[in-house]
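The values are calculated or read from the model by the stated rules, or taken from the named source; none is laboratory data. If you're wondering where the values come from, they're calculated on a predicted model, not measured in any experiment. Cβ sites come from the backbone with ideal geometry, for glycine too, and all protein chains shown count toward neighbours. Side chains are part of the model used for accessible areas, which takes the heavy atoms of the whole protein and leaves out ligands, DNA and RNA. Shrake-Rupley method; radii C 1.70, N 1.55, O 1.52, S 1.80 Å.
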Amino acid sequence: MKHRSFINITIFLFILMYPLTAQDGVPDVGTKPIVRGVYFTETGCSHCDVFLYVQKKKYEAASGVQLELETYDILSAEGYKRCVDMLAERGLTFTVFPVLFIGNNVYRGSTEIETNVPLELAALRETGKLRPALVLDNQSGQSLATQNQSEQSPKRGALAQGPGATPSGGELGLDRLAESQSLGKSLGILATIFSAGLLDGINPCAFSTLLFFLSFISLRRYDRRSLLLVGLSFIGAVFLAYFLIGLGFLQVLRALLSAGRATLVVKALVSVFAVFLVVLNLRDAHLARQGRVNESALQLPAPLKRLTHRVIRSFSVLPLFMLGAALSGFLVSIIELACTGQVYLPTLVYLNQSALSHWSILLLLLYNAGFILPLSLVFMFYLFGLQHEKLRAWYGSRIVLVRFFTAALFAVMAVVVWV
(Lines give C-alpha, C1' and ligand atoms only; values in the text may rest on other atoms or scores of the structure.)
Protein backbone atom coordinates (compact mmCIF):
# COMPACT_ATOMS: atom_id res chain seq x y z
CA MET A 1 0.00 0.00 0.00
CA LYS A 2 2.83 2.36 0.84
CA HIS A 3 4.42 1.69 -2.56
CA ARG A 4 1.10 2.25 -4.36
CA SER A 5 0.56 5.56 -2.49
CA PHE A 6 4.09 6.67 -3.42
CA ILE A 7 3.44 5.80 -7.09
CA ASN A 8 0.13 7.64 -7.09
CA ILE A 9 1.72 10.77 -5.60
CA THR A 10 4.54 10.61 -8.17
CA ILE A 11 2.07 10.32 -11.06
CA PHE A 12 0.01 13.21 -9.65
CA LEU A 13 3.09 15.49 -9.39
CA PHE A 14 4.18 14.53 -12.91
CA ILE A 15 0.75 15.48 -14.28
CA LEU A 16 0.99 18.85 -12.51
CA MET A 17 4.52 19.56 -13.78
CA TYR A 18 4.00 18.31 -17.35
CA PRO A 19 2.50 21.54 -18.78
CA LEU A 20 5.54 23.48 -17.53
CA THR A 21 8.04 21.12 -19.12
CA ALA A 22 6.05 20.80 -22.34
CA GLN A 23 6.23 24.52 -23.09
CA ASP A 24 9.96 24.44 -23.71
CA GLY A 25 10.82 27.37 -21.48
CA VAL A 26 7.76 29.56 -22.30
CA PRO A 27 6.10 31.05 -19.20
CA ASP A 28 2.75 29.84 -17.85
CA VAL A 29 -0.54 30.75 -19.53
CA GLY A 30 -1.56 34.10 -18.16
CA THR A 31 2.08 35.17 -17.73
CA LYS A 32 3.37 37.63 -20.32
CA PRO A 33 6.16 35.99 -22.34
CA ILE A 34 9.51 37.78 -22.21
CA VAL A 35 12.09 38.04 -24.97
CA ARG A 36 15.53 39.35 -24.10
CA GLY A 37 17.95 40.93 -26.53
CA VAL A 38 21.06 43.11 -26.80
CA TYR A 39 20.68 46.42 -28.64
CA PHE A 40 23.67 48.46 -29.84
CA THR A 41 22.50 52.02 -30.42
CA GLU A 42 24.00 55.50 -30.49
CA THR A 43 23.20 58.11 -27.89
CA GLY A 44 21.14 60.83 -29.55
CA CYS A 45 20.30 58.77 -32.67
CA SER A 46 16.70 59.79 -33.46
CA HIS A 47 15.77 56.55 -35.27
CA CYS A 48 17.21 54.48 -32.42
CA ASP A 49 15.29 56.47 -29.80
CA VAL A 50 12.03 56.11 -31.74
CA PHE A 51 12.50 52.32 -31.79
CA LEU A 52 13.39 52.14 -28.09
CA TYR A 53 10.72 54.41 -26.67
CA VAL A 54 7.88 54.38 -29.22
CA GLN A 55 7.89 51.42 -31.61
CA LYS A 56 9.01 48.87 -29.02
CA LYS A 57 5.91 49.59 -26.91
CA LYS A 58 3.66 49.24 -29.96
CA TYR A 59 5.21 45.89 -30.85
CA GLU A 60 4.79 44.67 -27.26
CA ALA A 61 1.15 45.77 -27.13
CA ALA A 62 0.33 44.16 -30.48
CA SER A 63 2.01 40.82 -29.69
CA GLY A 64 1.43 40.52 -25.95
CA VAL A 65 5.14 39.74 -25.59
CA GLN A 66 7.53 41.81 -23.45
CA LEU A 67 10.83 42.78 -25.07
CA GLU A 68 13.64 43.45 -22.60
CA LEU A 69 16.77 44.96 -24.12
CA GLU A 70 20.26 45.39 -22.75
CA THR A 71 21.51 48.54 -24.48
CA TYR A 72 25.04 49.73 -25.30
CA ASP A 73 26.33 52.91 -26.94
CA ILE A 74 28.13 51.80 -30.10
CA LEU A 75 30.44 54.85 -29.88
CA SER A 76 31.79 53.80 -26.50
CA ALA A 77 34.87 51.56 -26.45
CA GLU A 78 33.04 48.89 -24.45
CA GLY A 79 29.94 48.98 -26.65
CA TYR A 80 31.85 48.80 -29.93
CA LYS A 81 34.09 45.94 -28.76
CA ARG A 82 31.14 43.95 -27.43
CA CYS A 83 29.21 44.41 -30.68
CA VAL A 84 32.18 43.41 -32.83
CA ASP A 85 32.84 40.34 -30.68
CA MET A 86 29.21 39.20 -30.76
CA LEU A 87 29.07 39.64 -34.53
CA ALA A 88 32.33 37.73 -34.94
CA GLU A 89 30.84 34.79 -33.03
CA ARG A 90 28.26 34.55 -35.83
CA GLY A 91 30.82 35.01 -38.60
CA LEU A 92 29.77 38.61 -39.28
CA THR A 93 31.57 41.96 -39.37
CA PHE A 94 30.40 45.35 -38.19
CA THR A 95 29.01 47.36 -41.11
CA VAL A 96 26.09 49.44 -39.86
CA PHE A 97 24.25 50.34 -36.67
CA PRO A 98 21.95 50.00 -34.81
CA VAL A 99 22.46 46.27 -34.23
CA LEU A 100 19.98 44.02 -32.42
CA PHE A 101 20.71 40.52 -31.13
CA ILE A 102 17.45 38.74 -30.35
CA GLY A 103 16.89 35.01 -29.94
CA ASN A 104 18.67 33.13 -32.70
CA ASN A 105 19.12 36.13 -34.98
CA VAL A 106 20.93 39.41 -35.39
CA TYR A 107 19.46 42.36 -37.31
CA ARG A 108 21.43 45.34 -38.55
CA GLY A 109 20.12 48.74 -39.51
CA SER A 110 16.87 50.44 -38.47
CA THR A 111 14.80 49.10 -41.39
CA GLU A 112 15.78 45.47 -40.82
CA ILE A 113 15.20 45.76 -37.06
CA GLU A 114 11.79 47.41 -37.44
CA THR A 115 10.73 44.78 -39.97
CA ASN A 116 11.83 41.68 -38.07
CA VAL A 117 11.15 42.49 -34.40
CA PRO A 118 7.35 42.17 -34.85
CA LEU A 119 7.92 38.82 -36.58
CA GLU A 120 10.09 37.59 -33.70
CA LEU A 121 7.47 38.55 -31.11
CA ALA A 122 4.62 37.13 -33.19
CA ALA A 123 6.49 33.83 -33.59
CA LEU A 124 6.82 33.45 -29.83
CA ARG A 125 3.17 34.28 -29.31
CA GLU A 126 1.92 31.85 -31.98
CA THR A 127 4.36 28.94 -31.67
CA GLY A 128 5.81 29.34 -28.20
CA LYS A 129 9.30 29.57 -29.73
CA LEU A 130 11.44 32.30 -31.23
CA ARG A 131 12.20 32.26 -34.93
CA PRO A 132 14.97 29.89 -36.04
CA ALA A 133 18.25 31.33 -37.26
CA LEU A 134 17.89 33.00 -40.64
CA VAL A 135 20.30 32.43 -43.50
CA LEU A 136 22.63 35.42 -43.75
CA ASP A 137 23.90 37.11 -46.87
CA ASN A 138 27.52 37.70 -45.87
CA GLN A 139 28.09 40.20 -48.66
CA SER A 140 25.30 42.63 -47.83
CA GLY A 141 24.86 41.66 -44.20
CA GLN A 142 21.08 41.48 -44.64
CA SER A 143 19.00 38.63 -43.32
CA LEU A 144 17.41 36.23 -45.82
CA ALA A 145 14.48 34.55 -44.13
CA THR A 146 14.04 30.80 -44.28
CA GLN A 147 10.38 31.24 -43.29
CA ASN A 148 7.44 31.23 -45.68
CA GLN A 149 7.01 34.32 -47.83
CA SER A 150 3.72 35.11 -46.06
CA GLU A 151 5.68 35.83 -42.88
CA GLN A 152 7.75 38.53 -44.51
CA SER A 153 7.04 42.22 -44.55
CA PRO A 154 6.38 43.66 -48.04
CA LYS A 155 8.90 46.38 -47.24
CA ARG A 156 11.66 43.81 -47.34
CA GLY A 157 10.50 41.63 -50.21
CA ALA A 158 14.07 40.76 -51.09
CA LEU A 159 14.41 38.97 -47.74
CA ALA A 160 11.91 36.30 -48.79
CA GLN A 161 13.47 35.48 -52.13
CA GLY A 162 16.34 33.36 -50.89
CA PRO A 163 20.11 33.67 -51.22
CA GLY A 164 20.23 33.07 -54.94
CA ALA A 165 17.41 35.39 -55.95
CA THR A 166 17.95 38.40 -58.18
CA PRO A 167 16.17 41.59 -57.14
CA SER A 168 13.50 42.81 -59.51
CA GLY A 169 13.73 46.10 -61.37
CA GLY A 170 11.23 47.65 -58.97
CA GLU A 171 13.33 46.62 -55.98
CA LEU A 172 16.46 47.96 -57.60
CA GLY A 173 14.64 51.22 -58.27
CA LEU A 174 13.55 51.43 -54.64
CA ASP A 175 17.09 50.68 -53.46
CA ARG A 176 18.48 53.43 -55.70
CA LEU A 177 15.81 55.84 -54.51
CA ALA A 178 16.65 55.01 -50.89
CA GLU A 179 20.36 55.51 -51.61
CA SER A 180 19.73 58.86 -53.32
CA GLN A 181 17.49 60.01 -50.47
CA SER A 182 20.14 58.94 -47.94
CA LEU A 183 22.83 60.79 -49.92
CA GLY A 184 20.63 63.87 -50.16
CA LYS A 185 20.00 63.85 -46.42
CA SER A 186 23.72 63.40 -45.70
CA LEU A 187 24.62 66.33 -47.95
CA GLY A 188 21.93 68.39 -46.26
CA ILE A 189 23.44 67.64 -42.85
CA LEU A 190 26.94 68.54 -44.07
CA ALA A 191 25.66 71.79 -45.61
CA THR A 192 23.79 72.71 -42.41
CA ILE A 193 26.83 72.07 -40.20
CA PHE A 194 29.20 74.01 -42.47
CA SER A 195 26.76 76.92 -42.91
CA ALA A 196 26.31 77.17 -39.16
CA GLY A 197 30.08 77.36 -38.69
CA LEU A 198 30.35 79.96 -41.45
CA LEU A 199 27.66 82.17 -39.91
CA ASP A 200 29.26 81.77 -36.49
CA GLY A 201 32.53 82.92 -38.05
CA ILE A 202 30.96 86.19 -39.23
CA ASN A 203 29.24 86.66 -35.88
CA PRO A 204 29.90 90.27 -34.78
CA CYS A 205 31.61 88.99 -31.62
CA ALA A 206 34.18 86.90 -33.50
CA PHE A 207 34.61 89.41 -36.29
CA SER A 208 35.09 92.46 -34.09
CA THR A 209 37.72 90.64 -32.04
CA LEU A 210 39.68 89.77 -35.19
CA LEU A 211 39.49 93.38 -36.37
CA PHE A 212 40.82 94.56 -33.02
CA PHE A 213 43.61 91.98 -33.30
CA LEU A 214 44.49 93.27 -36.78
CA SER A 215 44.48 96.90 -35.67
CA PHE A 216 46.70 96.03 -32.72
CA ILE A 217 49.29 94.06 -34.68
CA SER A 218 49.38 96.83 -37.29
CA LEU A 219 51.04 98.97 -34.61
CA ARG A 220 53.80 96.41 -34.17
CA ARG A 221 55.20 96.94 -37.67
CA TYR A 222 55.90 93.27 -38.36
CA ASP A 223 57.38 92.27 -41.69
CA ARG A 224 55.07 90.16 -43.86
CA ARG A 225 56.60 86.83 -42.84
CA SER A 226 56.33 87.59 -39.12
CA LEU A 227 52.82 88.95 -39.67
CA LEU A 228 51.82 85.69 -41.40
CA LEU A 229 53.18 83.61 -38.51
CA VAL A 230 51.37 85.76 -35.92
CA GLY A 231 48.07 85.56 -37.79
CA LEU A 232 48.28 81.81 -38.38
CA SER A 233 49.16 81.24 -34.72
CA PHE A 234 46.17 83.28 -33.58
CA ILE A 235 43.66 81.68 -35.99
CA GLY A 236 45.06 78.19 -35.42
CA ALA A 237 44.65 78.59 -31.67
CA VAL A 238 41.08 79.81 -32.17
CA PHE A 239 40.36 76.67 -34.21
CA LEU A 240 41.93 74.38 -31.59
CA ALA A 241 40.15 76.03 -28.66
CA TYR A 242 36.78 75.96 -30.40
CA PHE A 243 37.24 72.33 -31.44
CA LEU A 244 38.15 71.25 -27.90
CA ILE A 245 35.18 73.16 -26.48
CA GLY A 246 32.88 71.42 -28.96
CA LEU A 247 34.38 68.04 -28.13
CA GLY A 248 33.75 68.63 -24.44
CA PHE A 249 30.15 69.70 -25.02
CA LEU A 250 29.52 66.63 -27.18
CA GLN A 251 30.65 64.38 -24.33
CA VAL A 252 28.33 66.22 -21.95
CA LEU A 253 25.45 65.83 -24.42
CA ARG A 254 26.10 62.10 -24.77
CA ALA A 255 26.09 61.69 -20.99
CA LEU A 256 22.95 63.81 -20.67
CA LEU A 257 21.10 61.92 -23.38
CA SER A 258 22.31 58.46 -22.39
CA ALA A 259 18.97 57.82 -20.67
CA GLY A 260 17.25 58.47 -23.99
CA ARG A 261 14.13 59.98 -22.44
CA ALA A 262 15.95 63.29 -21.94
CA THR A 263 16.30 63.62 -25.72
CA LEU A 264 12.84 65.14 -26.20
CA VAL A 265 13.43 67.64 -23.39
CA VAL A 266 16.77 68.76 -24.85
CA LYS A 267 15.29 69.09 -28.35
CA ALA A 268 12.38 71.12 -27.00
CA LEU A 269 14.75 73.44 -25.12
CA VAL A 270 16.93 73.89 -28.21
CA SER A 271 13.89 74.70 -30.36
CA VAL A 272 12.59 77.28 -27.87
CA PHE A 273 16.08 78.79 -27.53
CA ALA A 274 16.47 78.91 -31.33
CA VAL A 275 13.12 80.72 -31.75
CA PHE A 276 14.16 83.17 -29.03
CA LEU A 277 17.41 83.87 -30.92
CA VAL A 278 15.46 84.37 -34.17
CA VAL A 279 13.52 87.16 -32.46
CA LEU A 280 16.67 88.74 -30.97
CA ASN A 281 18.55 88.63 -34.29
CA LEU A 282 15.64 90.29 -36.11
CA ARG A 283 15.53 92.93 -33.39
CA ASP A 284 19.29 93.55 -33.68
CA ALA A 285 18.96 93.75 -37.47
CA HIS A 286 16.33 96.46 -37.03
CA LEU A 287 18.61 98.36 -34.64
CA ALA A 288 21.58 98.01 -37.02
CA ARG A 289 19.49 99.41 -39.87
CA GLN A 290 18.86 102.49 -37.70
CA GLY A 291 22.58 102.81 -36.92
CA ARG A 292 22.17 101.64 -33.32
CA VAL A 293 24.51 98.64 -33.42
CA ASN A 294 25.81 99.38 -29.93
CA GLU A 295 22.33 98.64 -28.54
CA SER A 296 22.33 95.08 -29.89
CA ALA A 297 21.27 92.40 -27.45
CA LEU A 298 23.46 89.71 -29.02
CA GLN A 299 26.91 91.03 -28.37
CA LEU A 300 29.72 90.34 -25.96
CA PRO A 301 29.15 92.14 -22.63
CA ALA A 302 31.38 95.20 -22.19
CA PRO A 303 33.47 93.68 -19.34
CA LEU A 304 34.24 90.59 -21.43
CA LYS A 305 34.98 92.74 -24.47
CA ARG A 306 37.53 94.72 -22.45
CA LEU A 307 38.97 91.45 -21.17
CA THR A 308 39.54 90.14 -24.72
CA HIS A 309 41.32 93.38 -25.66
CA ARG A 310 43.51 93.09 -22.58
CA VAL A 311 44.39 89.48 -23.44
CA ILE A 312 45.32 90.44 -27.02
CA ARG A 313 47.53 93.33 -25.83
CA SER A 314 49.31 91.07 -23.36
CA PHE A 315 50.74 88.71 -25.99
CA SER A 316 53.26 91.32 -27.20
CA VAL A 317 55.20 91.19 -23.94
CA LEU A 318 56.18 87.55 -24.49
CA PRO A 319 59.56 86.91 -26.12
CA LEU A 320 58.04 84.41 -28.55
CA PHE A 321 55.41 86.43 -30.42
CA MET A 322 53.94 83.30 -32.06
CA LEU A 323 53.37 81.71 -28.67
CA GLY A 324 51.80 84.92 -27.39
CA ALA A 325 49.47 85.13 -30.38
CA ALA A 326 48.44 81.50 -29.91
CA LEU A 327 47.75 81.96 -26.20
CA SER A 328 45.71 85.10 -26.79
CA GLY A 329 43.70 83.38 -29.55
CA PHE A 330 43.01 80.40 -27.30
CA LEU A 331 41.90 82.51 -24.32
CA VAL A 332 39.84 84.90 -26.44
CA SER A 333 37.91 81.96 -27.94
CA ILE A 334 36.95 80.78 -24.46
CA ILE A 335 35.84 84.27 -23.41
CA GLU A 336 33.88 84.82 -26.64
CA LEU A 337 31.91 81.62 -26.10
CA ALA A 338 29.44 83.74 -24.11
CA CYS A 339 28.48 85.25 -27.47
CA THR A 340 29.49 82.78 -30.19
CA GLY A 341 28.04 79.87 -28.21
CA GLN A 342 24.58 81.03 -29.29
CA VAL A 343 25.20 79.30 -32.62
CA TYR A 344 27.60 76.61 -31.44
CA LEU A 345 25.47 74.91 -28.78
CA PRO A 346 22.28 74.37 -30.84
CA THR A 347 24.45 73.12 -33.69
CA LEU A 348 26.12 70.59 -31.38
CA VAL A 349 22.72 69.23 -30.34
CA TYR A 350 21.73 68.89 -34.00
CA LEU A 351 25.08 67.29 -34.81
CA ASN A 352 24.69 64.81 -31.93
CA GLN A 353 21.26 63.57 -33.09
CA SER A 354 21.82 63.69 -36.87
CA ALA A 355 21.99 60.58 -39.04
CA LEU A 356 25.73 61.18 -39.45
CA SER A 357 26.45 61.64 -35.76
CA HIS A 358 28.76 58.59 -35.79
CA TRP A 359 31.04 60.93 -37.75
CA SER A 360 30.78 63.53 -34.99
CA ILE A 361 34.52 64.32 -34.94
CA LEU A 362 34.58 64.95 -38.70
CA LEU A 363 31.41 67.06 -38.49
CA LEU A 364 32.95 69.04 -35.65
CA LEU A 365 36.05 69.65 -37.78
CA LEU A 366 33.79 70.74 -40.66
CA TYR A 367 31.96 73.20 -38.42
CA ASN A 368 35.22 74.71 -37.17
CA ALA A 369 36.60 74.90 -40.71
CA GLY A 370 33.55 77.01 -41.56
CA PHE A 371 34.07 79.07 -38.41
CA ILE A 372 37.66 80.09 -39.18
CA LEU A 373 37.14 80.54 -42.94
CA PRO A 374 35.90 84.17 -42.67
CA LEU A 375 38.66 84.97 -40.17
CA SER A 376 41.28 83.46 -42.47
CA LEU A 377 39.99 85.34 -45.54
CA VAL A 378 39.92 88.67 -43.71
CA PHE A 379 43.43 88.10 -42.43
CA MET A 380 44.68 87.24 -45.94
CA PHE A 381 43.12 90.45 -47.31
CA TYR A 382 44.86 92.39 -44.57
CA LEU A 383 48.15 90.58 -45.23
CA PHE A 384 48.07 91.69 -48.86
CA GLY A 385 47.49 95.33 -48.08
CA LEU A 386 43.82 95.94 -47.33
CA GLN A 387 43.60 98.31 -44.35
CA HIS A 388 41.70 97.13 -41.29
CA GLU A 389 39.67 100.38 -41.28
CA LYS A 390 38.26 99.46 -44.70
CA LEU A 391 37.53 95.92 -43.50
CA ARG A 392 35.69 97.35 -40.50
CA ALA A 393 33.64 99.68 -42.70
CA TRP A 394 32.85 96.88 -45.16
CA TYR A 395 31.64 94.60 -42.36
CA GLY A 396 29.66 97.37 -40.69
CA SER A 397 27.70 97.99 -43.89
CA ARG A 398 26.65 94.32 -43.99
CA ILE A 399 25.79 93.71 -40.34
CA VAL A 400 22.05 93.82 -41.11
CA LEU A 401 22.48 91.04 -43.68
CA VAL A 402 24.50 88.98 -41.18
CA ARG A 403 21.70 89.30 -38.62
CA PHE A 404 19.05 88.21 -41.12
CA PHE A 405 21.06 85.18 -42.22
CA THR A 406 21.69 84.21 -38.60
CA ALA A 407 17.98 84.51 -37.82
CA ALA A 408 17.24 82.24 -40.81
CA LEU A 409 19.77 79.68 -39.52
CA PHE A 410 18.12 79.57 -36.11
CA ALA A 411 14.69 79.21 -37.71
CA VAL A 412 15.95 76.19 -39.65
CA MET A 413 17.65 74.81 -36.53
CA ALA A 414 14.42 74.98 -34.53
CA VAL A 415 12.84 72.63 -37.06
CA VAL A 416 15.64 70.27 -38.18
CA VAL A 417 16.60 69.34 -34.62
CA TRP A 418 13.41 67.22 -34.67
CA VAL A 419 14.11 65.55 -38.03
In the stretch 45-86, anything closer than 22 Å to Leu121 by Cα and touching a Gly at 6+ places or on another chain (Cβ under 9 Å) is listed as Cys48, Asp49, Leu52, Tyr53, Leu67, Glu68, Leu69, Glu70, Thr71, Tyr72
Arg36 fails exactly one of (1) part of a helix (DSSP H, G or I); (2) farther than 26 Å from Tyr350 by Cα, namely (1)
Sole miss for Phe94 among (1) open to solvent by less than 60 Å² (accessible area, probe 1.4 Å); (2) touching a helix residue (DSSP H, G or I) at 6+ places or on another chain (Cβ under 9 Å); (3) without any contact (Cβ under 8 Å) to a residue 24 or more places away in the chain is condition (1)
query: Within the stretch 281-288, can one find any residue that is open to solvent by 60 Å² or more (accessible area, probe 1.4 Å), modelled with pLDDT of 80 or more, more than 19 Å from Val343 (Cβ to Cβ) and more than 17 Å from the chain's Cα centre (by Cα)?
result: yes
When restricted to Leu247, Leu257, the only residue modelled with pLDDT under 80 and either touching a Lys or Arg at 6+ places or on another chain (Cβ under 8 Å) or open to solvent by less than 60 Å² (accessible area, probe 1.4 Å) (or both) is Leu257
If you go through Arg392, Arg398, the only one that is touching a Leu at 6+ places or on another chain (Cβ under 9 Å), among the basic types (Lys, Arg) and at negative phi is Arg392
Restricting attention to the stretch 297-313, the residues that are open to solvent by 50 Å² or more (accessible area, probe 1.4 Å) and part of a loop (DSSP other than H, G, I, E, B) number exactly 3
Tyr107 passes all but one of the listed conditions (1) open to solvent by 60 Å² or more (accessible area, probe 1.4 Å); (2) under 15 Å from Leu52 (Cβ atoms); the exception is number (1)
Within the stretch 383-398, restricting to residues that are more than 37 Å from the chain's Cα centre (by Cα) and in a helix (DSSP H, G or I), the one that is farthest from Pro204 (Cα to Cα) is Leu383
Flagged in the stretch 372-397 as under 22 Å from Leu219 (Cβ atoms) and either in contact with a Ser or Thr (Cβ under 7 Å, 6 or more places away or on another chain) or open to solvent by 60 Å² or more (accessible area, probe 1.4 Å) (or both), in numbering order, are Met380, Phe381, Phe384, Leu386, Gln387, His388, Glu389, Lys390, Arg392, Ala393, Trp394
Of the conditions (1) closer than 13 Å to Tyr39 by Cα; (2) of a type outside the set (Ser, Thr, Tyr); (3) at pLDDT 85 or above, the single one that Phe97 does not satisfy is (3)
Of the residues in the stretch 62-79 that are open to solvent by 60 Å² or more (accessible area, probe 1.4 Å) and at pLDDT 85 or above, the one that is nearest to Arg36 (Cα to Cα) is Glu68
Kindly evaluate Ala369 against the criterion of being part of a helix (DSSP H, G or I), open to solvent by 10 Å² or more (accessible area, probe 1.4 Å), small (Gly, Ala, Ser) and farther than 30 Å from His47 by Cα. no
For Ala88, the lone unmet condition from (1) among the small types (Gly, Ala, Ser); (2) open to solvent by 50 Å² or more (accessible area, probe 1.4 Å); (3) at pLDDT below 85; (4) in a helix (DSSP H, G or I) is (3)
inquiry  = Can you find a residue that is within 23 Å of the chain's Cα centre (by Cα), in contact (Cβ under 8 Å) with a residue 12 or more places away in the chain and closer than 18 Å to Leu300 by Cβ anywhere in the stretch 344-359?
reply    = yes
Restricting the stretch 167-222 to residues that are open to solvent by 50 Å² or more (accessible area, probe 1.4 Å), in contact with a helix residue (DSSP H, G or I) (Cβ under 6 Å, 6 or more places away or on another chain) and at pLDDT 70 or above, the one nearest to Val238 (Cα to Cα) turns out to be Leu198
Residue hits (the stretch 260-273; more than 15 Å from the chain's Cα centre (by Cα) and either modelled with pLDDT of 85 or more or open to solvent by 30 Å² or more (accessible area, probe 1.4 Å) (or both)) are Arg261, Val265, Ala268, Leu269, Val272, Phe273
